Structure formats: C-alpha cells, structure tokens
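Notes to accompany the following structure.
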Amino acid sequence: MIPSKSTASPLPWLLLLLSVTTGLVDAISVLGLGKVFTANMTGNIVFLGFAAAGTPGFRIAPYLAAIASFMIGALVAGRVGKHHAGLPLRRWLMVAALVEAALLWIASGVAVGFDVASQSPGYKVFAIIALTGLAMGFRNATIRQLKVPDLTTTVLTLTITGLAADSSLAGGANPNWVRRVGSITAIFLGAAIGAWFVTHGGLVLPLLLAGFLVLAGTLACMMHPAASE
C-alpha cells in the first residue's frame, strides 16, 4: 500500500488499533488464564524457566500450549502471506482480520461459564490459550511481513529502546517518536481496558471486543481512499 501525495496510508492507524487489542489479549491471558501470555512469547519463555525450576504458581503445560499454538498460527500466516504475494494488500489484511476475529470470538464462546477465580473448568483454560495463541501468532506473522517501522502491534522493547536511544538527549533526531509513543500508549490503553473487563466481568466481553476492533478497524482501513492504491 503506497499512499498518494494527497492521501496518507491508513495502515499505521490500523496497526495502532491492533496494538490496543494486544493489550486486551494480554490482560485476558495474564489476569484471566493464570499468568500466561498469548500475544507475545518472551514472558512465556521466562515463566517456563520459572516453572522448570519448580517455582510455586507456575505450570509448564500452559506455557507450552501458548508457545505451540502461537507458532502454529504464525506458520499458517506465513503460508497465507506467501499465497497473497503480488495480490492487493487489502485482500490479505481482510483475510488476516477475519481469521483473527473468528478465533477471538470462538474463544469468547468457550469462555462462557468459565470462572476466572477458580480457573475452572480446567479444559477451558487450555482451549482459550490455544485459540488466542493461534490468533496472535497469525497476527504477528502477518505484521512481520508488512515491515512497518515501530508498529509491531505486540512487542515494545525495541520501541522503547529506540525512543530513548534516538532521542535528542542521546544526540539523535527523534525519528518516528509520535508513532513510537502512540504504540506504547495503545498497548497501555488496551491493557487497562482489558484489566477492567476481566476483573469486573470475566473473559467473554473483552474477547468479543478484541475481535470486533480487529475486524471493524480493518474494514475501516479498507474503505479509506488510499487503500486502493
């Protein structure tokens, strides 16, 4: 997608909205599924190390389930991306949005009757981990292939590093600082909203909301005048 001189690409705005949904999913998984990440994997590797050392409160199985489902989602997205090479970008993004929203909404259906406090029934924990892990793996692989600077939608370590290392205080020119701050703010906002939903009503509504934002945001992006270019 190449913006015209008169119309800027809507893609960065879509990626910021997707960053909000990352915060939602992190709140759902960490607060609702027992300290497991399904939107990014760094935390799971650390927690897996804790579990391997026998640290109380950490179990190996949920982290392995999250990592495996995330990798499967990324693998499928990689194949989808190769299939869409040379085709209009908006078609590829729409397929990705439909897949992600469908998985999140199925997870929402599974979450009906799930009790966060007691983590029961136990099979629903793994079902929701698998579904959200697939969705986030698919998302990450898709965004990775787009290669939009400073908008990975899930990981902020390099974004925060760049914000400091490229700042005027470090002798830099502050490149993309608005985009970087926007990405940080979006995930923060999503996490706060998700935490409120999870602590006040469980997992169903935040999963529904995450899927809606993904699909509605992508549709809005596709309808933008620059999307056809």
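The values are calculated or read from the model by the stated rules, or taken from the named source; none is laboratory data. Note that this is a predicted model, so its numbers are computed, not measured. Every residue, glycine among them, receives a Cβ derived from its backbone with ideal geometry; neighbour counts consider all protein chains shown. Quick note on the areas: whole protein, heavy atoms, side chains included, nothing else; ligands and nucleic acids left out. Shrake-Rupley method; radii C 1.70, N 1.55, O 1.52, S 1.80 Å.
In sequence order, segment 126-135 has phi-based couplings of 6, 5, 5, 4, 5, 5, 6, x, 4, 4 Hz under the Karplus curve 6.51 cos²θ - 1.76 cosθ + 1.60, θ = phi - 60°, and Gly or Pro positions carry x.
Going through (i) 1.02; (ii) 0.99; (iii) 1.10, the figure that equals Rg/Rh (Cα atoms, Kirkwood Rh) as computed for the structure here is (ii). When the residues 163, 151, 103, 219 are ordered by accessible surface, computed with a 1.4 Å probe over the protein chains alone, the sequence from largest down reads 219, 163, 103, 151.
Rounded to the nearest 10 degrees, the inclination of helix 89-111 to the longest alpha-carbon principal axis of the chain is 20 degrees.
Qualifying trypsin sites (Lys or Arg not before Pro) in segment 87-131, where qualification requires a DSSP coil assignment and no more than 13 other C-beta atoms within 10 Å, are lacking entirely. For the chain, the dipole from Cβ point charges (+1 on Lys and Arg, -1 on Asp and Glu) about the Cα centre works out to 400 debye, to the nearest 20. Each peptide in 135-143, 172-180 was scored by the mean count of other Cβ atoms within 10 Å over its residues; highest first, the order is 135-143, 172-180. Given a Förster distance of 41 Å, report the FRET efficiency between residue 98 and residue 50 from their Cβ-Cβ distance, rounded to the nearest 0.05. It comes to 0.70.
Between residue 117 and residue 216, full extension at 0.36 nm per residue minus the direct alpha carbon distance yields a gain of 32.5 nm. Here segment 10-222 has 73 percent of its accessible surface on carbon and sulfur atoms, given a 1.4 Å probe and all protein chains in place.
Residue by residue, segment 8-23 carries 3J(HN,Hα) couplings of 6, 5, x, 4, x, 5, 4, 5, 5, 5, 5, 5, 4, 5, 4, x Hz when phi is fed to the Karplus relation 6.51 cos²θ - 1.76 cosθ + 1.60 (θ = phi - 60°); x denotes Gly or Pro.
Based on protein heavy atoms only, the chain ends up with 48 Å² per residue of surface accessible to a 1.4 Å probe. Quick check: the distance between the Cα centres of segment 25-96 and segment 140-198, to the nearest angstrom? Distance between centres, Cα-based: 19 Å. Sorting the segments 33-40, 111-118, 155-162, 182-189 by their residues' average number of neighbouring beta-carbon atoms within 10 angstrom, most packed first, yields 33-40, 182-189, 155-162, 111-118.
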